[in-house]
Amino acid sequence: MDVGGGGDDVPPDVAPSLRDIPHVPATHEMPGIGDYMFTNTTIDTTTGTIQPPAPEGVVVAMVMQEPSGDELLVIRAHAISIPAATAVTVTGTRPLVLIADTITIAGLLDGSAHASVPGPGGMGATAVTKTGRGSDGVHTGASQDSGGGGGAYATNGATGGASGTATSCGSELANGGAGGQSWGTPTLDVLAGGAAGGIGSAVSCTPPPIGAGGGAIQVSAFTSLAITGAVNAGGGGGGMGLNCGTNDGSAASGGGSGGAIYLDAPLIELAGVIAANGGGGGGGGSSPGTNGSVGGDGLPSTMYASGGAAGGSYGANGGRGGIGTAGPTAGGNHTCDGNAGGGGGSVGYIVMHAKAGGVSGTGVQSPAATLDTTGF
């Protein structure tokens, strides 16, 4: 389905490439006609809406992923650039694929989740049974509420905090929601976003929002790809537990996992940042006390997303999100009559698909990319 731009016809001066573009059908394995220099832009991959709109000669199309997987939103241009101090923010249900002869990213290509809003193709609140999602917290006894587990992708998500761990609480132990189990492949055979965290237990409160999964972004160039800015596919921070009043509070939700970044070009220069870090779990609420705080979103750096802070003496802190080779941490426990923190989300996957010896630069990778030299 063509949703905008200059159409699918191949112009005489732009011959189709013989190189296979991973995940993309043959009808779209070619650049577009017009150049696309982004300004501050938002892209919704659900509707294919781009604001401000793409210039003439740029193809915007929804296509089936090959050999399998969710449908993609593909943007094809002759040359693509994201200048410094420019942000391209991407959301929606479909992964995003950029295709051009040459691509330069000096600004920010942001496919990360922001709290409960997933990145492109990432898991949101409605995907309650999908692979990798953290389990929900539970309630036992009068006041024990446990935290939701963190979402998983390249590694397992972290467990949500437990409540009622003191022996004085007897058998009224509310175990934390389990972290999601790792899934997918390091070579990203299917381009898919990350998983969401579990929901913190909330008996009489509004359930806290989950941390959504980071999105999936592919950047494919026929000649060269240079990154001096950042590409981010971090997971979202878990929602905070609440002070619900009359001595009632709620536990917090788990952070979402990082998503997927697939860089594809014969020559890749990395002087910037590529990151698919996990989101932090939320902090438990407290009554008497205050609301907890929301976990941090996965950052375009090697700094972990912090867990949310407890709202008072009846709350517990959230777990940190995963970064690099460091896994996420569990949500904080509460000894008795309290509201635990959410677990942190795991890192996602990064792939650099380039010819042998074609990767240069000493940029930041979190986690480290899998290098694939097949097909060149």
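The values are calculated or read from the model by the stated rules, or taken from the named source; none is laboratory data. Computed from a predicted structure; not experimentally measured. Cβ: placed from backbone, ideal geometry, glycine included. Neighbour counts: every protein chain shown. The accessibility values were calculated without ligands, DNA or RNA, using every heavy atom of the protein model including side chains. Shrake-Rupley method; radii C 1.70, N 1.55, O 1.52, S 1.80 Å.
One table, with the values for the structure above:
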quantity	calculated
The chain, relative contact order [Cα under 8 Å, separation at least 6], %	16
The chain - share of DSSP beta bridges that are antiparallel (%, nearest 5)	25
For residue 174, net neighbour charge (Lys/Arg +1, Asp/Glu -1) across residues whose Cβ lies under 12 Å away	-4
Solvent-accessible ranking of 262, 314, largest area first, probe 1.4 Å	314, 262
Net length gained if the chain between residue 87 and residue 19 were fully extended (0.36 nm per residue, minus Cα distance)	21.5 nm
Accessible surface ranking that places the most exposed of 376, 222, 38 first, with a 1.4 angstrom probe	376, 222, 38
Gained length - residue 39 relative to residue 224, 0.36 nm times residue gap less alpha-carbon distance	64.5 nm
Largest-first ordering by accessible area, 1.4 Å probe, given options 64, 37	37, 64
Net charge contributed by nearby residues that have their C-beta within less than 11 Å of residue 163 (K/R +1, D/E -1)	-3
Euclidean distance between Cα centres, segment 307-330 to segment 188-209, Å	15
Linear extension gain, residue 46 paired with residue 68, 0.36 nm per residue minus alpha-carbon span	6.1 nm
Alpha-carbon centroid distance for the pair segment 40-76 / segment 124-161, whole angstrom	32
Protection-proxy order for peptides 292-301, 275-284, 66-75, each taking the mean of Cβ atoms within 10 Å per residue, highest first	275-284, 292-301, 66-75
Residue 189-residue 27 FRET efficiency (beta carbon distance; Förster radius 22 Å; 0.05 resolution)	0.60
Distance in nm between pseudo-label sites at residue 171 and residue 303 (7 Å out along the Cβ direction from Cα)	4.8
Beta bridges by DSSP in segment 256-376, antiparallel share as percent, to the nearest 5	5
Per-peptide average of other Cβ atoms within 10 Å, ordering 97-106, 81-90, 327-336, 26-35 highest first	327-336, 97-106, 26-35, 81-90
Option label - Kirkwood radius over Cα pairs in Å computed here, alternatives (i) 20.1; (ii) 20.9; (iii) 24.3	(i)
